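Heads up, the thing below is written out as structure tokens.
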Amino acid sequence: NDIWTVEQGLKQFFHSEKRDVKCEKCDDGKTATQTIEIISCPKALLLHFKRFIVTQELKPGNGKYDKESDGKSENKAAFEMVLKKNKAKILLEESLSITPFIGDKVKSPEGLYRLCGVVHHIGNTASSGHYTSCAKRKLAVASDDSKAAGGISDEKVAEEEWVFFDDRVGRKKSLDYVVDTEKNQRNCYLALYELR
């Protein structure tokens, strides 16, 4: 599947699996079901997406001298571990519920988790690339009542805006830029959700 949602990723992570378990002492084996669940609802969720896939590639030999080959140069092949970039699209939801993944004895959180930050990895390998981020910031804006009273009131209404960061540059962006552009969908590496 070349397109994933955060919810699909969470479902895959939390799904139960059958495992063969063998006792080291008696050598008996059984099949057990391994489950994972959330036992305490956090104030924030930091999701790390698996963007690098470990593969083994057959690399041709380097033609170096091998003492055990009677002085002849051999081109021996070797396997090399390679980390390749997974560039599948990940569709980030603006809001997220973890209710399907919490344990039976845990109270469901009041509210939803809201996206407030994303880190992107731009590049093809784990050993190189460039990181950028998008973060939501709150702006304190005077309410209409405060403005009508000449700005004397301390009452504030919070507005939010998204900011894109690339090294020393910061630019205002829209939520659509953060979640809907193909480049960001293929390069999102971390996503921060906050309970609201």
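The values are calculated or read from the model by the stated rules, or taken from the named source; none is laboratory data. Remember, it's a predicted structure, so these values are computed and weren't measured experimentally. Reconstructed Cβ throughout: ideal geometry from the backbone, glycine too, with neighbour counts over all protein chains shown. In case anyone asks, the SASA skips ligands and DNA or RNA and just uses the protein heavy atoms, side chains included. Shrake-Rupley method; radii C 1.70, N 1.55, O 1.52, S 1.80 Å.
A few points about this structure:
- Of all residues in the range 36-61 being surrounded by 10 or more Cβ atoms within 10 Å (Cβ to Cβ) and farther than 27 Å from residue 188 by Cα, the one that is modelled with the highest pLDDT: 59
- Every residue from the range 4-38 that is over 30 Å from residue 113 (Cβ atoms), in contact with a strand residue (DSSP E or B) (Cβ under 8 Å, 6 or more places away or on another chain) and of a type outside the set (D, E, K, R): 21, 23, 29, 31, 32
- Among residues of the range 167-196, those that are of a type outside the set (A, V, I, L, M, F, W, C), free of Cβ contacts under 8 Å to residues at least 60 places away in the same chain and open to solvent by less than 90 Å² (accessible area, probe 1.4 Å), counted: 5
- Qualifying residue in the range 127-145 (condition: among the acidic types (Asp, Glu) and closer than 23 Å to residue 42 by Cα): no
- Those residues of the range 165-174 which are modelled with pLDDT under 95 and under 23 Å from residue 88 (Cβ atoms), in sequence order: none
- Evaluation of residue 153 against (1) touching a helix residue (DSSP H, G or I) at 6+ places or on another chain (Cβ under 7 Å); (2) modelled with pLDDT under 85; (3) open to solvent by 60 Å² or more (accessible area, probe 1.4 Å) (one fails), failing number: (3)
- Residue, nearest to residue 122 (Cα to Cα), within the range 87-107, restricted to residues that are among the basic types (Lys, Arg) and open to solvent by 50 Å² or more (accessible area, probe 1.4 Å): 87
- Test for residue 119: is it more than 25 Å from residue 4 (Cβ to Cβ), open to solvent by less than 50 Å² (accessible area, probe 1.4 Å) and modelled with pLDDT of 85 or more: no
- Residue check, residue 31 farther than 25 Å from residue 99 by Cα, open to solvent by less than 70 Å² (accessible area, probe 1.4 Å), part of a strand (DSSP E or B) and not aromatic (Phe, Trp, Tyr): no
- Hits in the range 1-28 (condition: surrounded by 13 or more Cβ atoms within 10 Å (Cβ to Cβ), in a strand (DSSP E or B) and not polar (S, T, N, Q)): 4
- Some residue of the range 62-80 being open to solvent by 100 Å² or more (accessible area, probe 1.4 Å) and either modelled with pLDDT of 80 or more or of a type in the set (Val, Ile, Thr) (or both): yes
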